[in-house]
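Nothing in this text is a laboratory measurement; each read-out follows from the coordinates by a stated rule. The structure displayed is predicted, hence computed values, not measured ones. Here the Cβ positions follow ideal geometry from the backbone for every residue, glycine too, while neighbour counts run over all protein chains shown.
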Ligand SMILES: Cc1cc2nc3c(=O)[nH]c(=O)nc-3n(C[C@H](O)[C@H](O)[C@H](O)COP(=O)(O)O)c2cc1C
């Protein structure tokens, strides 16, 4: 079982959740690769971020790849979008203005090789407004790319340090052979 986790995080909440998930999976899966999405350009203001998310802007992005199994190799590389070598793809983003963060929009738009894959979507959030519309939007884009099944969960920003809570979500979603 090979797992790819692709996420964006601005203030670190989604990163924290990703790290707990990866830590849980790393002994159980054959491979876990983590890809952090970094936009080449990003608005500095809250309003600018909201607008670019709300209008589903797609900035150019870098991927930073971490392979925890082989001790934190970190390489910056131009975007490599096909997750076809993985069995399970996990995508995580904060909710921004009821939407995914723009770097995730880019990934959703351009990724390929997801036919017949199992995809897990997760978001972190503050008020909780827009969680469902964000997840629905992500799912609608990926459904057009032939994804076989979706599982989804959401984590309040106030729970991102609660490892047991996060693991209960991920354990409830899939069991590793
Ligand atoms: C520009 C912006 C827009 C946001 N919009 C929402 C929103 O619509 N609904 C919500 O519940 N939280 C919203 N939040 C809160 C974030 O989703 C939340 O803090 C998240 O955990 C941040 O993740 P990160 O630390 O990985 O960047 C917003 C935060 C920012 C910066």
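Projected area of the chain, taken from the Cα convex hull and averaged over every viewing direction, in nm²?
9.2 nm²
Hey, in the GNM for the chain with a 10 angstrom Cα cutoff, which one of 91, 47, 114 fluctuates hardest?
Maximum fluctuation in the GNM of the chain, among the listed residues, is at 47.
Of all DSSP beta bridges in the stretch 1-70, what percent run antiparallel (nearest 5)?
On the way: 6 of 12 bridges.
Percentage antiparallel, nearest 5: 50.
From the gyration tensor of the Cα coordinates in the stretch 124-177, what semi-axes in whole Å does the equivalent ellipsoid have, largest first, with each one equal to sqrt(5λ)?
Largest first, the stretch 124-177 gives 22, 18, 6 Å.
Taking springs between alpha-carbon atoms closer than 10 angstrom, which of 135, 108, 167 fluctuates most in the Gaussian network model of the chain?
Greatest mean-square fluctuation among the candidates belongs to 167.
Name all residues of the stretch 13-29 having a backbone nitrogen under 18 Å from the label point set 7 Å from the Cα of residue 1 along its Cα→Cβ direction, giving them as ranges.
The answer is 18-29.
Taking 0.36 nm per residue of sequence separation and subtracting the Cα-Cα distance, how much length would be gained by fully extending the chain between residue 156 and residue 85, in nm to one decimal? The partial results should precede the final answer.
Working: separation 71, 0.36 × 71 = 25.56 nm, distance 3.11 nm.
Stretched out fully, the residue 156 to residue 85 stretch lengthens by 22.5 nm.
With springs only between Cα atoms under 10 Å, which of 44, 152, 129 fluctuates most in a Gaussian network model of the chain?
In this elastic network of the chain, the residue with the biggest mean-square fluctuation among 44, 152, 129 is 44.
Over the stretch 2-173, what is the mean sequence separation of C-alpha contacts under 8 Å (at least six apart), divided by residue count, expressed as relative contact order in percent? Intermediate results must be reported in sequence, preceding the final value.
Working: 352 pairs, mean separation 40.5, N = 172.
The value is 24 percent.
Extension gain residue 26-residue 149, at 0.36 nm per residue separation less the Cα-Cα distance, in nm?
Working it through step by step, the gained length comes to 42.1 nm.
In the chain, what % of DSSP beta bridges are antiparallel (nearest 5)?
35 percent
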